[in-house]
Amino acid sequence: MNNQELIKYALEAREKSYSPYSKFKVGAAILTRSGKVFTGCNIESSSYTPTICAERTALSKCVSEGHTDLEKIAVVGSLEKISYPCGVCRQFLREFGDDIIIISATSENNYTEYKLSELLPNSFGPEDL
Ligand code: THU
């Protein structure tokens, strides 16, 4: 699946965002190496702290369905400029590889593409325990 198709899934997932407090909708779509897609949106909480980002929603769905073989993830925020995954989500993704491709997009035709190792250099991972 190409990047534009994966971004389309992330844009669709963003529609489901539950973000009444920040009003900042985020959508994410993970492509596994076996070709499966798992999507997620941010889900906020009135007590704020339990809020979960779109990336971690998608990754939780992916891993809980038995897939830990991530190839890439597309993420779309709500601004005209590109938003990048927060630090917590970078670390959460890192568990499953540092060569995962992170596609940060505003639309199907406007995106950047980095390896996780570029966004989270000198990272701590499962090999370090
Ligand atoms: N958010 C994400 O879903 N992903 C990120 O990488 C950054 C932030 C969400 C969390 C919260 O619901 C809203 O965006 C504002 O921070």
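The values are calculated or read from the model by the stated rules, or taken from the named source; none is laboratory data. Predicted model, so just to flag it, every value in this text is computed and none were measured. Counting neighbours? That spans all protein chains shown, and the Cβs are built from the backbone with ideal geometry, glycine included. Each accessible area value is taken on the protein alone, full model and side chains, heavy atoms only, with ligands, DNA and RNA left out. Shrake-Rupley method; radii C 1.70, N 1.55, O 1.52, S 1.80 Å.
Roughly how many debye, to the nearest 20, is the charge dipole of the chain about its Cα centre, given +1 on each Lys and Arg Cβ, -1 on each Asp and Glu Cβ, and no other charges?
Dipole about the Cα centre, nearest 20: 400 debye.
Taking loop as defined by DSSP and a crowding limit of 11 other beta carbons within 10 Å, which GluC sites (Glu not before Pro) in segment 1-108 fit?
GLU15, GLU65, GLU80
Is there a quick way to get the dipole size of segment 82-129? I mean about its Cα centre, with the Cβ of Lys and Arg at +1 and of Asp and Glu at -1; what is the value in debye to the nearest 20?
160 debye
For LYS25, give me every one of the lysines with a C-alpha distance below 16 angstrom, ignoring sequence neighbours fewer than eight places off in its own chain.
List returned: LYS8, LYS16, LYS81.
Summing -39500 (n - 2.57) over the DSSP H runs of n ≥ 4 in the chain and dividing by its residue number, what mean residue ellipticity at 222 nm do you reach, to the nearest 500 deg cm²/dmol?
It lands at -7500 deg cm²/dmol.
I'd like the distance between the alpha-carbon centres of segment 51-65 and segment 75-95, rounded to an integer number of Å.
13 Å
For the chain, with the dipole built from +1 on Lys and Arg beta-carbon atoms and -1 on Asp and Glu ones, taken about the Cα centre, which of LEU6, PRO20, ILE30 lies farthest toward the positive end?
With unit charges placed on the Cβ atoms, the residue in question is PRO20.
With all distinct Cα pairs included, what does the Kirkwood hydrodynamic radius of the chain come out to in Å, to one decimal, could you say?
14.4 Å
With a 1.4 Å probe and all protein chains kept in place, how much accessible area does LYS61 have, in Å² rounded to the nearest 10?
Near enough 90 Å² of accessible area.
If you count only protein heavy atoms with a 1.4 Å probe, what accessible area per residue comes out for the chain, rounded to a whole Å²?
With the other protein chains kept in place, the chain gives 54 Å² per residue.
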